[in-house]
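Worksheet: one structure, shown below.
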Amino acid sequence: MSVAPGSVLAFRLDNGMYGACRVIRAPRKDEQPVRKGVLVFITRFVGDKNDAMKSPDLKKRFDRMLYWIEGAPPRAFERVGAIAPSAKEIALASQFTAPWEMLPNVVYRDWRRTHDADALAREVAKDKEDSAKKRADALAALRASDAFDLTGLVPLEKPIGEREPEDVVLGFIAAMNQWEKECARIDKKTDDVGGLSFELSAPAMKTIFDEFCTKADGAYGRRGSYSMPPEYDPKKERVTKVTKKPRAAEVETMRKNPLVRSVRYVLKKTDGWRIDAVFKDGRKSIL
């Protein structure tokens, strides 16, 4: 099936009526290769398929319902005509992607908000209740059977009073690397409920911060987040400079990371050397 710009594709809804979408354009050169497929908006049309091309609703798009969609549409999507995109429509852009199969669900739910609001509200409430229970059960089972493994990394083998600033920074990098890997493992394991690393990771994160960092001011204390591949990686971060005074020190590193190249760890000496702040490419980070 052709998905040339302007193509109008109709698809059957669960109520027997039809919805439709319009294809706007392919990616511009400045959007490639990040954007692929075609830019599509979901129209406000709902009705008989044979009336689709007569409806002014084909030119009315849902707010923010503009997606990049790759691949050929499913066979259930029927081309019913074409409406050339206007210059204003061609200028539109989107940061979102979606599969073709999602579009009928979006249209049908929007239609039900007007025509079947009470039943839809009951279904939404029931879905939320079921989802919350499934998540709570999964979290309880996970807490009973799993834990973040920081073995050999926390506590650091060298006593805190004997650690040099570089020891603290390298120990922190290694511990955070393992913490990020554990977050990814937990989220992969619990992907069917949306990932549970956030709920399970906090105690392990606190253990690392208690081991290597000063106590943070504020109600929320220190916070961290993970990424894959890990942001902290002892194989990709090397110490380039250490500046040490009696009660303060700085450890500078370089990363093999296109997002962050240079890191400066600021340490204070309390019961031993502890990280007090981290600056990534000159900007202060929450860690």
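The values are calculated or read from the model by the stated rules, or taken from the named source; none is laboratory data. Just so we're clear, the structure is a prediction, and the values are computed from it rather than from any experiment. Neighbour counts are summed over all protein chains in view; Cβ atoms, including those assigned to glycine, are modelled from backbone coordinates with ideal geometry.
Details
- Residue identified as of a type in the set (Lys, Arg), more than 20 Å from Val266 (Cβ to Cβ) and without any contact (Cβ under 8 Å) to a residue 24 or more places away in the chain among Lys245, Lys236, Lys215: Lys236
- Flag if Met102 is over 15 Å from Ser7 (Cα atoms) and either among the basic types (Lys, Arg) or out of contact with any Ser or Thr (no Cβ under 7 Å at 6 or more places or on another chain) (or both): yes
- Enumerated strands (runs of 3 or more DSSP E) restricted to region 196-271, each holding at least 2 residues that are in the same structural domain as Ile186 (by TED's automatic domain parsing) and loosely packed, with under 13 Cβ neighbours inside 10 Å: 237-244
- When residues in region 15-44 are screened for being more than 16 Å from Ala72 (Cα to Cα) and either in a strand (DSSP E or B) or without any contact (Cβ under 8 Å) to a residue 24 or more places away in the chain (or both), 12 of them pass.
- Scanning region 45-92 for residues that are assigned to a loop (DSSP other than H, G, I, E, B) and surrounded by fewer than 14 Cβ atoms within 10 Å (Cβ to Cβ) yields a count of 10.
- Test: residue in region 56-63 that is among the aromatic types (Phe, Trp, Tyr), assigned by TED's automatic domain parsing to the domain that holds Val23 and under 24 Å from the mean Cα position of the chain (by Cα): yes
- Checking Asp130, Asp187 one by one, the residue that is under 24 Å from the mean Cα position of the chain (by Cα) and surrounded by fewer than 16 Cβ atoms within 10 Å (Cβ to Cβ) is Asp130 and no other.
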